[in-house]
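Everything on this sheet refers to the single structure shown next.
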Amino acid sequence: MMIFKKAIPRRTFLRGAGATLALPFLDAMVPAFAASNFKPSLKLGNVYLTTGRIMENWTPKTLGENFQLSPTLEPFAPYKDQMLVLSGMDIKSADLLPGERGGPHARPCASYLTGAHPFSDHVGISADQVIAKHVSKDTPLSSLELSLDTPEWVGQGGGDYEPYYTATMSWRTENTPLPVENNPRKVFERLFGDTDSVNTEAMQRRIKRQSSVLDSVSSRVKNLMGSVGASDRYKLDEYLSAVRDVERGIQAVESRTASGDNMKQVDLNRPAGIPENLREHSQLIFDLMFLSYRADMTRVVSFMFGHEGTNRNYLELGASDGHHSLSHHKGNSTAIEILKKVDRYQSDMLAYLVEKMHTTKEVDGSTMLDNSIIVAGGGLSDANNHVHNDVPIAVIGGAQGMIRGGRHLRYDGLPVSNLHFSIIEMFGASTEEYLSNKTSDTTGALKGLA
């Protein structure tokens with residue numbers, strides 16, 4: 001028997017005054033006769049680990065399935081069966097060429113996702129943007145580029161390289177770098193609408209009335225709730241609660257920024273909505289990354305813990321110097337111990353996102369993590385000596401069965417670009433443009449991932 005049922009369009013938006021709210025995938029979006037064949041979308045997250053790692057604390061001691069997680073990777077213990085640790089891989093295209101000057105942070109950062117050597121006027125299209133072009137027809141945004149550092153082109157450029165080579169890892173074309181965004185409110189407004197001004201007076205008025213993007217679409221939400229089944233009502237309630245939680249976090253930060261005597265001490269040029277507490281900042285950014293996947297606003301997100309070579313201070317960990325300064329430890333045991341804490345701290349932050357994805361069910365009963373590829377990696381291993389060989393790489397997520405986790409594999413001397421090449425193939429995108437990058441070091445797909 002064939003069942004005919006009118007479905008809600010897949011790309012349904014609730015529109016209100018100054019706000020547009022995309023919906024997560026609902027049962028009502030799939031006709032009854034086709035629901036059993038529906039497959040959730042595949043999602044990609046590239047997470048850049050800035051300024052190297054203390055590799056003795058990153059790399060597991062043994063290979064294969066029975067490896068023990070290293071101290072830096074311990075926060076991912078609950079998801080070990082969906083984590084693949086890849087060792088021995090190099091960023092060959094970042095090697096200094098004859099006649100070039102400097103750029104020990106710029107070259108590996110620019111090469112990390114492009115597989116191409118950076119020059120003064122070009123690098124190459126990055127793997128995330130190859131995939132974004134392929135899947136963008138199905139989503140409102142082709143990709144998101146996020147960071148905990150400022151979006152301005154500042155960083156450890158040096159020599160023949162401009163600072164923007166260290167301030168982003170995503171390149172739309174060979175000479176078009178994509179800027180990152182670190183302000184949660186700006187990301188929120190990009191996803192859900194430009195709800196208000198960010199000037200001081202408007203910010204204080206908004207805090208006073210505690211307005212929400214949900215307020216302008218409340219009647220439409222009510223109507224939708226009455227037209228879907230119990231399962232969809234639960235999903236909608238859960239999703240809208242998550243949106244509201246992100247808003248509360250942003251508003252709480254802005255309230256502290258805009259309240260009382262603090263106004264006299266605040267730099268009014270600083271974008272509102274950026275927490276002073278780094279963990280709180282990272283959680284807001286990861287919440288937005290999660291929501292962008294959940295609402296299928298985009299399937300491709302790149303996130304940087306900071307510019308390559310960032311000198312962020314980790315005072316909360318007992319650091320007396322910035323990250324970049326500490327990375328040139330010259331064997332100093334105190335500096336090395338602080339760096340181990342920084343590495344672990346960043347793993348803890350990322351585990352927050354992985355947990356949300358692990359506990360979120362998709363329409364077919366699988367988890368969001370089952371349908372995702374999160375690549376955590378960086379352009380440097382030993383930042384003390386600017387080494388871009390045997391760089392840290394961990395792949396988290398099931399990739400819809402295309403990656404088998406719970407293993408530590410070693411690929412001595414193979415380029416990291418081979419991993420990105422394989423992921424492009426997993427998305428069904430053409431690898432031709434990626435291979436056409438000038439000076440590409442890619443040699444083909446990485447075997448053994450599945």
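The values are calculated or read from the model by the stated rules, or taken from the named source; none is laboratory data. Computed from a predicted model, the values in this text were never measured in an experiment. When we count neighbours, we look across all protein chains shown, and the Cβ atoms used for this are built from the backbone with ideal geometry, even at glycine.
Among the residues of the stretch 304-323, those identified as in a loop (DSSP other than H, G, I, E, B) and either among the charged types (D, E, K, R) or surrounded by fewer than 16 Cβ atoms within 10 Å (Cβ to Cβ) (or both) are Glu308, Arg312, Gly318, Ser320, Asp321. Go through the stretch 294-305 and count every residue that is at pLDDT 95 or above and not β-branched (Val, Ile, Thr). Result for the stretch 294-305: 5.
Filtering the stretch 40-81 to residues that are of a type in the set (D, E, K, R) and either buried (at least 24 other Cβ atoms within 10 Å of the Cβ) or not assigned by TED's automatic domain parsing to the domain that holds Thr168 (or both) leaves Lys43, Arg53.
For the stretch 422-436, the criterion of being touching a Pro at 6+ places or on another chain (Cβ under 7 Å) and either assigned by TED's automatic domain parsing to the domain that holds Thr176 or closer than 28 Å to Phe286 by Cα (or both) is satisfied by no residue at all. The single condition from (1) under 24 Å from the mean Cα position of the chain (by Cα); (2) at pLDDT 60 or above that Ser219 fails is (1). Annotation note: of Glu74, Glu100, Glu145, the sole residue that is within 26 Å of Ser347 (Cα to Cα), acidic (Asp, Glu) and not in a helix (DSSP H, G or I) is Glu145.
Is it the case, given these coordinates, that Gly331 is on the phi > 0 side of the Ramachandran plot and either in a helix (DSSP H, G or I) or surrounded by 22 or more Cβ atoms within 10 Å (Cβ to Cβ) (or both)? It is false that Gly331 is on the phi > 0 side of the Ramachandran plot and either in a helix (DSSP H, G or I) or surrounded by 22 or more Cβ atoms within 10 Å (Cβ to Cβ) (or both). Within the stretch 82-110, residues that are in the same structural domain as Phe67 (by TED's automatic domain parsing) and touching a residue at least 40 places away in the same chain (Cβ under 8 Å) sit with their Cβ atoms under 8 Å from residues that are part of a helix (DSSP H, G or I) and among the acidic types (Asp, Glu), at 6+ positions apart or across chains, in these pairs: Gln82/Asp370. Here the condition is being in the same structural domain as Ile285 (by TED's automatic domain parsing) and at pLDDT below 95; of Gly365, Gly377, it holds for Gly365 alone.
Quick check, is Tyr352 over 20 Å from Asp90 (Cα atoms), surrounded by fewer than 20 Cβ atoms within 10 Å (Cβ to Cβ), within 14 Å of the chain's Cα centre (by Cα) and modelled with pLDDT of 95 or more? Against the criterion (over 20 Å from Asp90 (Cα atoms), surrounded by fewer than 20 Cβ atoms within 10 Å (Cβ to Cβ), within 14 Å of the chain's Cα centre (by Cα) and modelled with pLDDT of 95 or more), Tyr352 qualifies.
Remark: pairs (first residue in the stretch 391-420, in the same structural domain as Pro78 (by TED's automatic domain parsing); second residue in a helix (DSSP H, G or I) and aromatic (Phe, Trp, Tyr); Cβ separation under 7 Å; 6+ apart in sequence or on different chains) = Pro392/Trp58; Ile396/Phe76; Ile396/Tyr79; Val416/Tyr112.
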